[in-house]
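Some notes on the structure that comes next.
The values are calculated or read from the model by the stated rules, or taken from the named source; none is laboratory data. Not measured: the values here are computed from a predicted model. Cβ coordinates were reconstructed from backbone atoms using ideal geometry, including for glycine residues, and neighbour counts include every protein chain displayed.
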Amino acid sequence: MQVLLGAVFVALVVSGALPLSSDGKPGSGVARVNRFDGPAAWRLVKMQVDLGPRPAGSAASRKLAARLKKLLPHGHYQAVPGGLRNVVGRVPGRERGRYVVVGAHYDTKDIPGFVGANDGAGGTAALVQLARQLRPRTIGPAVVFVAFDGEETPRGVPDDDFLSAGVRGSRVAARVYRRAQAMILLDFVADRQLSLPREGSSDQTLWARLRKAAQSAGVGSYFPASSEETIEDDHTPFQQRGVPAIDLIDWDFPCWHKTCDNLSAVSERSLDASGEAVMGLLRTLG
Ligand SMILES: [Zn+2]
């Protein structure tokens, strides 16, 4: 993703201290409800990381896409220019014609040795686990789950060209699913010191519902009542088409596009908190 407004991001040095649980600090709460299988989602993170680097168009990426297609209910591919592919699943709702989109990118930044445990694997794992656990026709709208290909810009492309050279899969999906009622993007949702303030461009009403759902699920401490800067990401093409969208992205992540974004940078508890909150949000959609 790309930060807007020229804001300078200063990576906080992780002290190695235990997570803080007071308001506004990284959460440490354990979910009160269990609608999201954290251990199963964690296995999905490991499965992806075990494949090694997974840049768009690579053999490892294609292998992962085939696995995602099998894992997602009604899994199928959606062609993306350049020989890429989104992987799409669907859980039917009670009402015809209404749907929401849940998305995450499954490609990793093309950096030697970069396995993207948080930036790629975490969001994808949460997406697959949500799709597998959301029961058909328990909520009004259908939920379309889209694992995006090609979020990252190819090697050598300047970050300034993010919206024209990156977000390749989400630009296709935003056109196809432009009538979605809402779009929920899972990006950095598994880092150890997880804290998810509202991303600056995220729809305020939808975000308020997410925070409420997180509190009901017992994971409210991970969702402080503050906002971070606007970040261009896979939700942006949906916003450009008028779809209310939110982006769960802990931008305060010191291993962003560094090889330390491996299994040691993520935690099952963080992933579970994100999953419980989003499952709770989906259940409020009527
Ligand atoms: Zn990235």
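Just wondering, is there one or more residues in the stretch 158-176 that are of a type in the set (Phe, Trp, Tyr) and in a strand (DSSP E or B)? No, the stretch 158-176 contains no residue that is of a type in the set (Phe, Trp, Tyr) and in a strand (DSSP E or B).
Here's a check for you: in the stretch 237-248, which residue that is crowded, with 24+ Cβ neighbours inside 10 Å and within 25 Å of Arg283 (Cβ to Cβ) is farthest from the chain's Cα centre (by Cα)? Of everything passing the filter in the stretch 237-248, Phe238 is farthest from the chain's Cα centre (by Cα). Out of everything in the stretch 146-164 that is among the charged types (D, E, K, R) and within 13 Å of the ligand (Cβ to nearest atom), what residue ends up being nearest to the chain's Cα centre (by Cα)? That would be Glu151. Flag not set for Lys70, criterion: touching a helix residue (DSSP H, G or I) at 6+ places or on another chain (Cβ under 9 Å), farther than 18 Å from Thr284 by Cβ and of a type in the set (Lys, Arg).
Does the stretch 217-236 include one or more residues that are surrounded by fewer than 22 Cβ atoms within 10 Å (Cβ to Cβ) and without any contact (Cβ under 8 Å) to a residue 60 or more places away in the chain? Yes; the residues of the stretch 217-236 include at least one that is surrounded by fewer than 22 Cβ atoms within 10 Å (Cβ to Cβ) and without any contact (Cβ under 8 Å) to a residue 60 or more places away in the chain. Restricting the stretch 111-145 to residues that are touching a helix residue (DSSP H, G or I) at 6+ places or on another chain (Cβ under 7 Å) and in a loop (DSSP other than H, G, I, E, B), the residue that is nearest to the ligand (Cβ to nearest atom) is Val115. Taking the numbered list (1) touching a Phe, Trp or Tyr at 6+ places or on another chain (Cβ under 8 Å); (2) among the hydroxyl-bearing types (Ser, Thr, Tyr); (3) in a helix (DSSP H, G or I) in turn, Ser221 passes all entries but (1). Condition test on Ser170, is it of a type in the set (S, T, N, Q), more than 23 Å from Thr284 (Cα to Cα) and within 16 Å of the chain's Cα centre (by Cα)? Criteria met by Ser170. Return yes or no: is Tyr106 under 25 Å from Ser164 (Cβ atoms) and modelled with pLDDT of 95 or more? For Tyr106, the condition - under 25 Å from Ser164 (Cβ atoms) and modelled with pLDDT of 95 or more - is met.
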